[in-house]
Amino acid sequence: MGLAVSIARRAGKRVVSSLPALFGVVIFTFLLMRVLPGDPAIFFASGPNAGQAEIEQIRQQMGLDKPVPQQLLLYLRDIGTGNLGRSMTTGQPVVTDLVSRLPASLELTFVALMLALILALPLGILAALRPNSLIDNIVRMICTLGVCVPTFVSGLLFIFAFYYILGIAPDPTGRIDIFAGQPPTITGFLLIDAAVAGDWDAWRSAARQLILPACTMALFVLAPLARMTRASMLAVLTSDFVRTGEALGLSRRRVVLVYALRNALLPVLTIMGIVFSTMLGANVLVEKVFSWPGVASYALDALLSSDYAPVQGFVLLMATIFVMVNLTVDVLYGLADPRISIE
Amino acid sequence: MTAPLLTIEDLKVTFSTRNGPVEAIKGVSLSLSAGERLGIVGESGSGKSVTAFSVMQLLDRAGKITGGRITFRGQDITNASRGMLQPLRGAAMSMIFQNPRAALNPIRTVGLQIADVLRAHESLSAKEARARALKLLEAVMIRDPEARLDAYPHELSGGMCQRVMIAMAIACEPTLLIADEPTTGLDVTTQKTVMDLLAEITARRGMAMILITHDLGLAAQYCQRVAVMEKGLVVEEAVPATLFGAPTHPYTRRLVAASPTRHSTVESLVVDREAAPPAPARIAPRPGSEPLLAVRNCVKVFDNGFRGVDDVSFSLAPGESLGLVGESGSGKSTLSRIVCRLIDASEGTITFDGEDIGGIPSRDFYRSRFRRDIQIVFQDHGDSLNPRFSAFDAIADPLRLLGGVQDGRELRRQVEDCARRVGLPEEFLDRFPHQLSGGQKARVGIARAIAAKPRLLVLDEPTAALDVSVQAVILHLLDRLRRETGLAYLFVSHDLNVVRMMCERTIVLQKGRIVEEGPSGPLFTAPSSDYARELIAAIPHFDPEAALARQKALATAV
């Protein structure tokens, strides 16, 4: 079909045009890590009284004795073969670490985004239907609170209220109750794996662990989504075709949901892509507060211990995900707006 | 006589604005019987659209009906609730709008949009609704209706979108159709087909229609009765022949005079002209003199392979005025931009004053010494002025850049001189575009163009966005300027009557090619090409005799 071909062509073009950017990200993070203060060889030496010889040996093992351009070339060759190096802290290949930890971050981000959308869209629509009314002001206040309270504060408040005082939330450690059986790993998303395995106890346990960090994240991104929905709805509601719908006697429901909302969602889609990428990278604080075994906290730990390979791998992963999210948004946009696929 | 279908009694509408409440409608009374066609004419701000929107209760949040009564089929709908109106809208009274493409949902196929209307008022399955939508598209005579059902509005031309809009409006056989400037922005030939279609459909289905327009000719041609509105009041109401043949109200008289017809001249357009000294006679172009501008075999091919201008040649003598007419897509704007050296031609030569200027790339042309000789006046006077520039800055800019005037006092003097020549009072010079009216913005645009003392002025639809009375004044001004300074004009317009008045010679373009060229007088009275004939025949006119004849024909037909 023509539409599929046109979308595939657009997607292909996007991927190709993002390759130089990815390459730039690789080189930039490599150089950045090299200019940061701290010598990993000293850090990973056996102890404070390790001899110069031992440090030299570690340095040689890590390839740090070679000139920087040569290190870069070696690094690029490794990336080409899918090898992101080995983490000095965990002793595992970085790829293995990222693969095991990425689903945790993705699951958290997806659920949080979903929650945020479920809240933000109706709030935005309500606010747009009655601008400057009481409800509009309430939505505005919720959004303001959402952006101005940092996630580590709201996260701790949630833990304080729901775990410490009310006792209805489980203790904020990890993705699943340690006494509940871990479902067999298929996708790495615990909710999906547990559902596939039919292990509903594990599912409930995972969901209970997830809900507080997800709410924390959702609150943080509620504002851009709700405000964008409101602004875009306001603009669409005054447009000519909404007036046409009214003039020809369509029901209010149909005018608002089919005529106005679908058009208003187009800019929200773009914002969603940006919000998603931001969440994935920025949820390091949430991961720390809730001891969530995600990629962001992994990268932070690596950075603090001058462990080059995981940080570089993490940045490359984020850049790739960012490209892919943009691509998805692009394709969705092409499907949602028939004017785009024309070009 | 049965009770009228719609009566409006002493309607008052107030808008709350930043500067307090503004009364847009100050007591309008109108009535319409079933099957009747009423025209409401007036200029922008006269309240004609607001009246229609009040009937449909489509006023935006700021507007409120503050007095009067609207009765539809004996039912008071003045401040009807949504629940009461919704079954009426679309089913009993419908509306079609200006700018049909924007009036359709851009991300929904037209078939579904028509089905939406049908299903809002009747219980139909999706399949039945689609079949009915197809029938409706056939009724509005869209070519290949089956395929169009799944088209999106952006895939259709403006005229086709308006047909779809008409199909939606008549879907549930309403008894009243309100058409708000339905053909503004469409080409004359498209306007004619759309209006003929509307007239035919309303007559066949016995629908009453209110036609809101600024075009007196259109109202005269298609309506049985016309009401003239000015500043929120109906000032005169009569059958077209009387109204336009013997207008009684001074405003109607001014409006009728200002509307260009096939007989009017620039002088006859303005009734209460500012007491200007008699303009000097036009400087007749000396025969045999070197042409000021010569375009030879000009071709413009766009990136997608479309030939916007296809082998066009013409020349323009100093002080001559040449009209360029054609429908949208005929290449007239592209050609005017090529002559202005804003875009490059793909092939061909352009000589100005004997020197080749086509060879200078358009991006470097600002450095050429000919830049000051060729200036342009744009169609949209609001958008073509920098909103952060006062009128003074706008006029001073070309003086500084092209005229090399740097001295503040000298600059002030020259700007004031330009302003005086275009009739812009000095106190307006410090205002910003949003503080100026449409006519004043047009004057600033013209003053800016003549500031650098050009020899050729390209006028790209300079009056298309203006009300007729303002248009009359601006045309008058342009004509006077030409007499005074001996400027040459390349006058681009879709309004054939305007071109006939303003230009000695006219070129008719179609699909990028010249189909006819010659002195304006003979070209308009006896066109030789079919296309020119079609264009001229499509102009709505309101000669009293013609209107009378039409009415008789209609009376016998119904």
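The values are calculated or read from the model by the stated rules, or taken from the named source; none is laboratory data. Just so it is clear, the model here is predicted, and its values are computed rather than measured. Methodologically, a virtual Cβ is constructed for each residue, glycine included, from the backbone with ideal geometry; neighbour enumeration extends over all protein chains shown. All accessible areas refer to the heavy atoms of the entire protein, side chains included, with ligands and DNA or RNA removed. Shrake-Rupley method; radii C 1.70, N 1.55, O 1.52, S 1.80 Å.
A few comments on the model shown:
- A:R254 closer than 28 Å to A:N326 by Cα, in a helix (DSSP H, G or I) and either charged (D, E, K, R) or at the interface with chain B (Cβ under 8 Å from one of its Cβ atoms) (or both): no
- Condition check for A:L119: more than 30 Å from A:P213 (Cβ to Cβ) and either part of a loop (DSSP other than H, G, I, E, B) or in contact (Cβ under 8 Å) with a residue 60 or more places away in the chain (or both): no
- A:S277 touching a residue at least 12 places away in the same chain (Cβ under 8 Å) and either away from chain B (no Cβ under 12 Å) or under 30 Å from B:Q57 (Cα atoms) (or both): yes
- For the stretch B:54-64, a tally of residues being open to solvent by 30 Å² or more (accessible area, probe 1.4 Å) and under 11 Å from B:V13 (Cα atoms) returns 3.
- Residues satisfying the stated conditions in the stretch B:97-128, i.e. of a type in the set (D, E) and in a helix (DSSP H, G or I): B:D116, B:E128
- Of the residues making up the stretch B:454-472, those that are open to solvent by 40 Å² or more (accessible area, probe 1.4 Å) and at pLDDT below 90 are B:A464, B:A465, B:V470.
- Condition broken by A:L248, with the remaining ones in (1) open to solvent by 30 Å² or more (accessible area, probe 1.4 Å); (2) under 30 Å from B:A91 (Cα atoms) satisfied: (1)
- Pairing each residue of the stretch A:10-38 that is over 15 Å from A:V315 (Cα atoms) and open to solvent by less than 40 Å² (accessible area, probe 1.4 Å) with any residue that is at pLDDT below 85 and of a type in the set (V, I, T), provided the two are 6+ apart or on different chains, yields C-beta distances under 6 Å for A:A11/A:V331.
- Per the conditions (1) at pLDDT below 90; (2) within 14 Å of chain A (Cβ to nearest Cβ), the sole criterion not satisfied by B:D144 is (2).
- Enumeration of residues in the stretch B:94-108 that are in contact (Cβ under 8 Å) with a residue 60 or more places away in the chain, within 7 Å of another protein chain (Cβ to nearest Cβ) and out of contact with any strand residue (DSSP E or B) (no Cβ under 8 Å at 6 or more places or on another chain): B:N99, B:L104
- Here is the figure for the stretch B:164-211: residues that are within 18 Å of B:E534 (Cα to Cα), among the hydrophobic types (A, V, I, L, M, F, W, C) and open to solvent by 10 Å² or more (accessible area, probe 1.4 Å) total 2.
- Residue count for the stretch A:230-245 satisfying the condition of being over 16 Å from B:G90 (Cα atoms), more than 8 Å from chain B (Cβ to nearest Cβ) and either in contact with a Phe, Trp or Tyr (Cβ under 7 Å, 6 or more places away or on another chain) or open to solvent by less than 50 Å² (accessible area, probe 1.4 Å) (or both): 5.
- Selection status of B:D196, more than 13 Å from chain A (Cβ to nearest Cβ) and modelled with pLDDT of 90 or more: yes
- Residue in the stretch B:506-529 that is touching a Pro at 6+ places or on another chain (Cβ under 7 Å) and touching a residue at least 24 places away in the same chain (Cβ under 8 Å) present: no
- Leading residue by the ranking (most open to solvent (accessible area, probe 1.4 Å)) among those in the stretch B:1-24 that are aliphatic (A, V, I, L, M), under 28 Å from the mean Cα position of the chain (by Cα) and modelled with pLDDT under 90: B:V22
- Taking the stretch B:441-459 as the range and being within 21 Å of B:A472 (Cα to Cα), in contact (Cβ under 8 Å) with a residue 40 or more places away in the chain and assigned to a helix (DSSP H, G or I) as the test, the residues that pass are B:K441, B:A442, B:V444, B:G445, B:I446, B:A447, B:R448, B:A449, B:I450.
- Of the residues making up the stretch A:289-312, just one is acidic (D, E) and surrounded by fewer than 19 Cβ atoms within 10 Å (Cβ to Cβ), namely A:D301.
- Filter result (under 20 Å from A:A218 (Cα atoms) and open to solvent by 40 Å² or more (accessible area, probe 1.4 Å)) within the stretch A:122-134: A:P122, A:L126
- Just one of the listed residues (B:R119, B:R132) is open to solvent by 20 Å² or more (accessible area, probe 1.4 Å), out of contact with any strand residue (DSSP E or B) (no Cβ under 8 Å at 6 or more places or on another chain) and within 12 Å of another protein chain (Cβ to nearest Cβ), namely B:R119.
- Some residue of the stretch B:81-100 being on the phi > 0 side of the Ramachandran plot, at pLDDT below 90 and open to solvent by 70 Å² or more (accessible area, probe 1.4 Å): yes
- Of all the residues in the stretch A:290-300, those that are in contact (Cβ under 8 Å) with a residue 60 or more places away in the chain and within 24 Å of A:M88 (Cα to Cα) number 7.
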